[in-house]
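Notes to accompany the following structure.
The values are calculated or read from the model by the stated rules, or taken from the named source; none is laboratory data. Keep in mind that this is a model prediction, so the values were computed, not measured. Using ideal geometry, Cβ is built from the backbone for each residue, glycine included, and neighbour counts are taken over all protein chains shown. Just the protein is used for accessible areas: all its heavy atoms, side chains included, with ligands, DNA and RNA removed. Shrake-Rupley method; radii C 1.70, N 1.55, O 1.52, S 1.80 Å.
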Amino acid sequence: MSKKVTVIHWFRKGLRVHDNPALVKAVDEAINRKAYLRPIFMLDPGIIKWMTVGANRWRFLQETLADLDKNLRKLNTRLYVVRGNPKELFPQLFEKWNVELITFEHDIEPYAVKRDQILLKDAEKFNVEVMIEYSHTIFNPELVIKKNKGSAPMTYQKFLSVASELKVPPPVDNPNKVPKSCEPELDDTEKKCKDCYDVPTLKEMGVNKEELSKTSKFPGGETEALRRMYDKMKQTDYICSFEKPNTSPNSLEPSTTVLSPYLKFGALSARLFYQEIKQAYKGRKHSQPPVSLEGQVIWREFYYCVASVTANFDQMKGNRICAQIPWAHNQSYLDAWKHGATGYPFIDAIMRQLKQEGWIHHLGRHAVACFLTRGDLWINWEEGQKVFEEYLLDADWALNAGNWMWLSASAFFHQYFRVYSPVAFGKKTDPQGLYIKKYVPELKNYPAGVIYEPWKVSLENQKKYGCIIGKDYPHRIVDHDVVMKENLAKMKAAYAKKNSDTSQSEKRKAESPIASSSKKKNSVDKYFKKK
């Protein structure tokens, strides 16, 4: 056991040095207390068992950790990567390192909440002080909810209204350099294992390199995050005129910032990004939420806020804001969708880009999500959520679940009759089908007029173009025009049942002596009733 006390900063998300108030607290307290400082990251092998993470995202995390270690070394410290389950390791570390204080950033995800509750009990047991900071979002969700009289705003516009009355905390300065006296003395075991705290390799993470894209198109790390952000901020006209619906889901290079993976891991501060956007707007005419660049940041805040107080937010059952829709299970359809083999070139191109690069445009996500659920395949949105969680670099628990509920018309959005066409939607921004030719090379010789609907091409011309449908590229698994009408009828029936159940519930509450004496209403029920 160390005689000198230790201060720990625990990196979970927030994998950055800039605007990291919990890290700043740890550095300052270590200096003031004349304590050792250990910035740690816990690599829990158990995650691999219960969370499906694709190779590209593991690489992004590995690159992010390596960059974080490099940036910490500039401050005269380093990243200590500890292997094991936090619930088991912290009691050992508290005793071994003589820990006096631990700092970390608040997290809303259910598994994180349970994990942190256990940590707090262990900290109390070992007389370890805990400091928690809110910096993963620009607004503290708890303050938004408090401002909204104890409930989360259930519409984007309501969230905007409530949040407009709150002050966005400015980014904090980078930590001070750490004096030599705060560098921990290694014990005999640690000295023998010189690399035991090093950043893990891809091999240690269990990554199959054959599943990786050839190049890391979006390298992980704070350094890359800041470079990308500041490069974008130089394009003032782009920042001020940005409107999400006017960007292209199928451009050959991203038409948006692609900062979402860095925000998800906290390699980029949301508060710094927001501040830079507002600075670019000053004195200039600019677009407005929800479609503006600022509006995209607010969407993230909205979903985080609702998710923080909604049980089972990432599931249909037991989720009080989610419509209970009788989805079907069809594994062959799901597999075809996941692997880009539905026979609809626009849909397949998006899903193949997702698997190859770990990112797809937001409107591309709209198209494939609608196709999987209410548009064509009538498969539960939870299945799509799992695939996105596996492949997306920016797979963020709250946003992933929220957007899937939205696109399946299960919550937030209820105009279920507005369906994305797997043919016409892509043609609007890419009439020549260049995007399809890049990601579905089987169809590279198909002309613009038919590349979105190859099933209409005669066998003679299929041979001429070098791709026979059903042999070199799959037949379409459903007829969109037919199944869309069938699914609309199913959605109509599901909504009728939901409305009936809601009405019955409201009636029972009204007839209840307890309910009739209370003026308090359930904000979620009121929201659905209005919609």
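Would you compute, for the Cα atoms of the chain, the largest minus smallest coordinate along each principal axis and list the three values in descending order, in whole Å?
The Cα atoms of the chain stretch 80, 69, 51 Å along the principal axes, largest first.
Step through the residues of the range 136-151 one at a time and calculate ³J(HN,Hα) from phi using the Karplus curve (6.51 cos²θ - 1.76 cosθ + 1.60, θ = phi - 60°), rounding each to whole Hz and writing x for Gly and Pro.
With the stated coefficients, the range 136-151 comes to 7, 10, 6, 10, 6, x, 5, 6, 4, 5, 4, 5, 8, 6, x, 10 Hz.
Pop a pseudo-label 7 angstrom from the Cα along the beta-carbon direction at both SER332 and LYS70 and give the gap in nm to one decimal.
So the two model labels end up 4.9 nm from each other.
Kindly flag which residue pairs out of LYS74/LYS121; LYS167/LYS282; LYS214/LYS244; LYS355/LYS471 have an alpha-carbon separation exceeding 27 Å in this structure.
Among LYS74/LYS121; LYS167/LYS282; LYS214/LYS244; LYS355/LYS471, the Cα-Cα distance tops 27 Å for LYS74/LYS121; LYS214/LYS244.
For the range 11-57, with only Lys/Arg (+1) and Asp/Glu (-1) charged at the beta-carbon, what is the dipole magnitude about the Cα centre, in debye rounded to 20? Working shown, then result.
Numbers: 9 positive and 4 negative charges, 17 e Å.
Result for the range 11-57 is approximately 80 debye, rounded to the nearest 20.
Using amide H atoms built in the peptide plane, which far-off residues or other-chain residues are under 5 Å from LEU43 H to H?
For LEU43, whose amide H was placed from the backbone, the distant partners under 5 Å are VAL82, ARG83, GLY84.
Please report the antiparallel percentage of the DSSP beta bridges confined to the chain, to the nearest 5. Display every interim value, and only then the final one.
Numbers: 0 of 22 bridges.
The antiparallel proportion sits near 0 percent.
Unpartnered cysteines of the chain (Cβ-Cβ under 4.7 Å counts as a partner)?
So far as the 4.7 Å Cβ criterion goes, CYS182, CYS240, CYS305, CYS322, CYS370, CYS467 stand without a partner in the chain.
Loop only per DSSP, at most 14 neighbouring Cβ atoms within 10 Å: give me the trypsin sites (Lys or Arg not before Pro) in the range 115-197, ordered by residue number.
In loop regions of the range 115-197 (DSSP not H, G, I, E or B), the sparsely surrounded trypsin sites (Lys or Arg not before Pro) are LYS149, LYS167, LYS177, LYS194.
If the chain between ASN176 and LYS464 were fully stretched, how many nm would it gain, using 0.36 nm times the residue separation less the Cα-Cα distance? Don't skip to the answer; put the middle values down first.
Working: separation 288, 0.36 × 288 = 103.68 nm, distance 6.70 nm.
Answer, rounded to one decimal: 97.0 nm.
Going by Cα centres, the range 424-439 and the range 47-108 are how many Å apart?
Answer, in whole Å: 42.
Across the range 27-37, in residue order, what do the Karplus-derived ³J(HN,Hα) couplings come to in whole Hz, using 6.51 cos²θ - 1.76 cosθ + 1.60 with θ = phi - 60° and x for Gly and Pro?
5, 4, 5, 4, 5, 5, 8, 6, 10, 6, 10
Which value in nm describes the separation of the simple spin-label points at GLU204 and LYS498, placed 7 Å from the Cα toward the beta carbon?
Calculated label separation equals 4.6 nm.
Go ahead and run the numbers for FRET between ASN127 and LYS317, Cβ-Cβ distance against an R0 of 30 Å, rounding to 0.05. If you can, show how the numbers build up before the last one.
Numbers: r = 42 Å, r/R0 = 1.40.
With a Förster radius of 30 Å, E is 0.10.
Report the full-extension gain for the segment GLN415 to LYS444: residue separation times 0.36 nm, less the Cα-Cα distance, to one decimal in nm.
On the way: separation 29, 0.36 × 29 = 10.44 nm, distance 3.59 nm.
Answer, rounded to one decimal: 6.8 nm.
For each pair in LYS70/LYS177; LYS437/LYS464; LYS264/LYS444; LYS217/LYS338; LYS13/LYS87; LYS177/LYS278, compute the distance between the two Cα atoms and list the pairs where it is over 23 Å.
Numbers: LYS70/LYS177 14 Å; LYS437/LYS464 16 Å; LYS264/LYS444 35 Å; LYS217/LYS338 21 Å; LYS13/LYS87 17 Å; LYS177/LYS278 30 Å.
Cα-Cα > 23 Å for LYS264/LYS444; LYS177/LYS278; rest within.
Measuring from centroid to centroid over Cα atoms, what is the spacing of the range 169-221 and the range 17-44 in Å?
Taking the Cα centre of each part, the range 169-221 and the range 17-44 sit 15 Å apart.
So what is the calculated 222 nm ellipticity per residue for the chain, using -39500 (n - 2.57) for each DSSP H run with n of 4 or more, over all residues, to the nearest 500 deg cm²/dmol? Let's see the in-between values first.
Working: 24 runs with 248 residues, N = 531.
After summing the helix terms and dividing by residue count, I get -14000 deg cm²/dmol.
Between VAL113 and ALA424, what's the calculated FRET efficiency when r is the beta-carbon distance and R0 is 35 Å? Round to 0.05.
Numbers: r = 43 Å, r/R0 = 1.24.
Rounded to the nearest 0.05, the efficiency is 0.20.
Longest span of the chain, sites excluded, free of GluC sites (Glu not before Pro) in DSSP loop with at most 10 other C-beta atoms within 10 Å?
Numbers: sites that count: GLU165, GLU185.
The reported range is 186-531.
Between the DSSP loop rule and a limit of at most 16 other Cβ atoms within 10 Å, which trypsin sites (Lys or Arg not before Pro) in the range 301-382 are left?
On the way: sites: LYS317, ARG320, LYS338, ARG352, LYS355, ARG365, ARG374; in loops: LYS317, ARG320.
Listed in order of number, the matching sites are LYS317, ARG320.
Would you pull out the residues with amide H under 5 Å of GLU129's amide H, same chain only if 5 or more places away, H placed 1.01 Å from N?
LEU101, ILE102
Ordered by residue, what ³J(HN,Hα) values in Hz, to whole numbers, does the range 371-377 give under the Karplus form 6.51 cos²θ - 1.76 cosθ + 1.60, where θ = phi - 60° and Gly and Pro are x?
So the Karplus estimates, Gly and Pro as x, are 4, 5, 9, 6, x, 9, 8 Hz.
How large, in Å, is the range 280-435 by the Kirkwood hydrodynamic radius built from its alpha-carbon pairs?
Details: mean 1/r = 0.0607 Å⁻¹.
Its Kirkwood hydrodynamic radius stands at 16.5 Å.
Quick one: Debye curve from the alpha-carbon atoms of the range 213-314 only, equal weights, vacuum; give me log10 I(q)/I(0) at q = 0.17, 0.22 Å⁻¹ to two decimals.
Listed by q, the Debye log ratios stand at -0.87, -1.29.
Calculate what fraction, in whole %, of the accessible area of the chain sits on carbon and sulfur atoms when a 1.4 Å probe is rolled over the protein chains.
Details: 12860 of 24820 Å².
So the carbon and sulfur contribution to the accessible surface is 52 percent.
Return the loop-located trypsin sites (Lys or Arg not before Pro) in the range 245-296 (DSSP other than H, G, I, E, B) with at most 13 other Cβ atoms within 10 Å of their own Cβ; answer none if there are none. If you can, show how the numbers build up before the last one.
Details: sites: LYS264, ARG271, LYS278, LYS282, ARG284, LYS285; in loops: LYS282, ARG284, LYS285.
Sites meeting the loop and neighbour criteria: LYS282, ARG284, LYS285.
Could you give the accessible area per residue of the chain, probe 1.4 Å, as a whole number in Å²? Mind showing how you got there, number by number?
Working: 24820 Å² over 531 residues.
For the chain, the solvent-accessible area averages 47 Å² per residue.
Going by alpha carbons, how many degrees (0 to 90, nearest 10) lie between the helix axis of 110-125 and the longest principal axis of the chain?
Helix 110-125 and the main axis of the chain meet at about 10 degrees.
As an exercise, use a Förster radius of 51 Å and the Cβ-Cβ distance of GLU165 and CYS196 to find the FRET efficiency, rounded to the nearest 0.05.
Working: r = 49 Å, r/R0 = 0.97.
Efficiency computed from Cβ-Cβ geometry: 0.55.
Would you kindly state how much longer the chain becomes between GLU183 and LYS234 on full extension, computed as 0.36 nm times their sequence separation minus their alpha carbon distance, in nm to one decimal?
14.5 nm
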